[in-house]
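The block underneath contains the structure these notes are about, expressed in structure tokens.
The values are calculated or read from the model by the stated rules, or taken from the named source; none is laboratory data. Model, not experiment: these values are computed from the prediction. All Cβ positions, glycine included, derive from the backbone under ideal geometry; neighbour counts span all protein chains shown.
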Amino acid sequence: MATPKRLPWALVASVSLALALGLAAESRGQDVTCYCRLALASGADPLTGGLEIRDWEELHVYNTSPLEMLEYQVKNCAARCMQRAQQDPAFSDPAGLCRKVARAFDGRRQAVARIDENPPVRAFFVPLKCCPVAATAGPVSCPAGWTFDANGPGTLKCRRNAGHLAAEPLPPNGTPVGAWGIVLGADVWQWGPPAPAGSGAPAEFRPCS
């Protein structure tokens, strides 16, 4: 009777290793990724809309197994996204966000989490309202070629040279020339209005209630 041949030890070991790796891969399952996005959104904007402030793309990767429930990863991803939002200097600065939106705004700053291609969930939100604030009045600005003079009549605080006096004797300094000018030395100066109001700084937007 013939004695059965034994398989070489190296072959047995390689087959065992392949089976072990196959079982490990099967038990590990498929990795899932946590995404997080910060945005300014109004009531009509969906969770994926609004003015984007920050997109961290891949926030965390979960090594899952077939026995794990996706619900855990969704809740954990939302918690991570909320924590990241609260730590972000840009997201926690309402004044900076109002300057960024640069218009009247009544909505919310929100953090939205998502696991792979699953529907997004709102992880965190804070109401935000921005209102226009008129620019602070600065010094009088005169048009090009004019000089500021606080002693001008009424609202006419700008003057420019309108001519030179050659006749002697010269009128005293400050002699009015009708309602439009004044004599200073040997020159006649014309009064004029300041630069148009629209040439000043535009209104800015700040947080309001």
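Odds and ends about this structure:
The rows are residues; the columns are (1) surrounded by 10 or more Cβ atoms within 10 Å (Cβ to Cβ); (2) modelled with pLDDT of 85 or more; (3) within 19 Å of the chain's Cα centre (by Cα); (4) more than 30 Å from ALA102 (Cβ to Cβ).
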position: LEU21; (1), (2), (3), (4): yes, no, no, yes
position: GLY29; (1), (2), (3), (4): yes, no, no, yes
position: GLU52; (1), (2), (3), (4): yes, yes, yes, no
position: VAL74; (1), (2), (3), (4): yes, yes, no, yes
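- Counted residues, segment 170-197 - those being modelled with pLDDT of 85 or more and of a type in the set (Gly, Ala, Ser): 2
- Looking at GLU52, GLU58, just one residue is touching a Ser or Thr at 6+ places or on another chain (Cβ under 8 Å) and assigned to a strand (DSSP E or B), and that residue is GLU58.
- Identity of the residue in segment 76-109, of a type in the set (S, T, N, Q) and under 15 Å from TYR35 (Cα atoms), that ends up nearest to the chain's Cα centre (by Cα): GLN83
- Selection of segment 151-161 for residues being of a type in the set (D, E, K, R) and in a loop (DSSP other than H, G, I, E, B) yields only LYS157.
- The set of residues in segment 162-182 being part of a strand (DSSP E or B) and surrounded by 14 or more Cβ atoms within 10 Å (Cβ to Cβ) consists of ALA162, VAL177, GLY181, ILE182.
- Test result for GLY152, at pLDDT 80 or above, over 30 Å from ARG103 (Cα atoms), surrounded by 10 or more Cβ atoms within 10 Å (Cβ to Cβ) and not assigned by TED's automatic domain parsing to the domain that holds ARG99: no
- Filter result for THR64 (loosely packed, with under 11 Cβ neighbours inside 10 Å and either at pLDDT below 85 or of a type in the set (Phe, Trp, Tyr) (or both)): no
- Some residue of segment 93-107 being in contact (Cβ under 8 Å) with a residue 60 or more places away in the chain, acidic (Asp, Glu) and not in a helix (DSSP H, G or I): yes
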